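Here's the structure, in structure tokens; my notes come after.
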Amino acid sequence: MNKYTVAVLVKNQFGVLNRVTSMFRRRQFNINALTVSETESNDYSRITVMFFGEENKKQQLINQLYKLPDVCSIKELDSTNSVSSELLLIKMANEPTTRDDVLTAAKAFDAKTVDYSKASMVFELTGDSTRIDDFINLMRDYEILEICRTGIVSLEKGASTISKSGGIM
């Protein structure tokens with residue numbers, strides 16, 4: 001199975017996210033990461049979805065998404081044509097026996113300490129999904145109290161934009 005990242009520009013209206021994600025469900029794709037936000041125009045939202053699947057089924061999904069009335073444009077993004085990032089917040093137990101190791105690991109990944117108390121430490125890390133996964137896997141040797149990830153955000157490199165490719169704005 002291949003990993004795909006697709007950005008979908010949609011009209012910023014009630015129920016659009018449900019209609020788009022329902023298309024993934026009907027095509028039997030499991031969404032691994034999902035982010036949604038307004039764009040440079042309040043009239044549109046950008047939905048970025050990461051999922052795994054087969055090429056022919058992915059293309060069928062994209063064709064079906066284009067049939068939704070609120071979908072304006074779709075871009076498939078990969079590491080060769082885009083810049084991608086993800087945000088991680090991870091809360092670690094602040095144990096005297098492991099504190100130095102946890103802080104050293106966080107420093108090695110350039111994770112920012114955003115909260116520190118006697119009981120816990122919270123780190124913020126941004127980067128590609130592989131970097132985030134590597135940091136989490138390293139921290140599994142210690143006591144992870146909680147994890148929160150944003151999912152991938154991605155923009156195409158160069159002057160091209162999703163709105164220009166769809167003929168809007």
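The values are calculated or read from the model by the stated rules, or taken from the named source; none is laboratory data. In this text, all values refer to a predicted model and were calculated from it rather than measured experimentally. Cβ atoms come from the backbone with ideal geometry, glycine included; neighbour counts cover every protein chain shown.
Scanning the stretch 1-19 for residues that are hydrophobic (A, V, I, L, M, F, W, C), under 16 Å from the mean Cα position of the chain (by Cα) and buried (at least 17 other Cβ atoms within 10 Å of the Cβ) yields Val6, Ala7, Val8, Leu9.
Filtered by the rule that a residue be assigned to a loop (DSSP other than H, G, I, E, B), under 24 Å from Leu138 (Cα atoms) and not β-branched (Val, Ile, Thr), the stretch 80-115 gives Asn94, Glu95, Pro96, Phe109, Asp110, Ala111. Only residues that are under 14 Å from Ile90 (Cα atoms) and either in a strand (DSSP E or B) or over 20 Å from the mean Cα position of the chain (by Cα) (or both) were counted in the stretch 140-169, giving 10.
Taken over the stretch 71-107, the criterion of being farther than 17 Å from Gly151 by Cα and β-branched (Val, Ile, Thr) is satisfied by Val71, Ile74, Thr80, Thr97, Thr98, Val102, Thr104. On inspection, Phe52 does not qualify as touching a strand residue (DSSP E or B) at 6+ places or on another chain (Cβ under 7 Å), at pLDDT below 95 and in a helix (DSSP H, G or I).
Quickly run through the stretch 118-139 and pick out the residues that are part of a helix (DSSP H, G or I), polar (S, T, N, Q) and touching a residue at least 40 places away in the same chain (Cβ under 8 Å).
Our first condition is that a residue be part of a helix (DSSP H, G or I); within the stretch 118-139, this holds for 129-139.
Subset that is polar (S, T, N, Q): 129-130, 137.
Across the stretch 118-139, the qualifying residue is only Ser129.
Based on this model, can you work out whether Ser117 counts as over 16 Å from the mean Cα position of the chain (by Cα) and surrounded by fewer than 16 Cβ atoms within 10 Å (Cβ to Cβ)? Taking the combined requirement at face value, the residue satisfies it.
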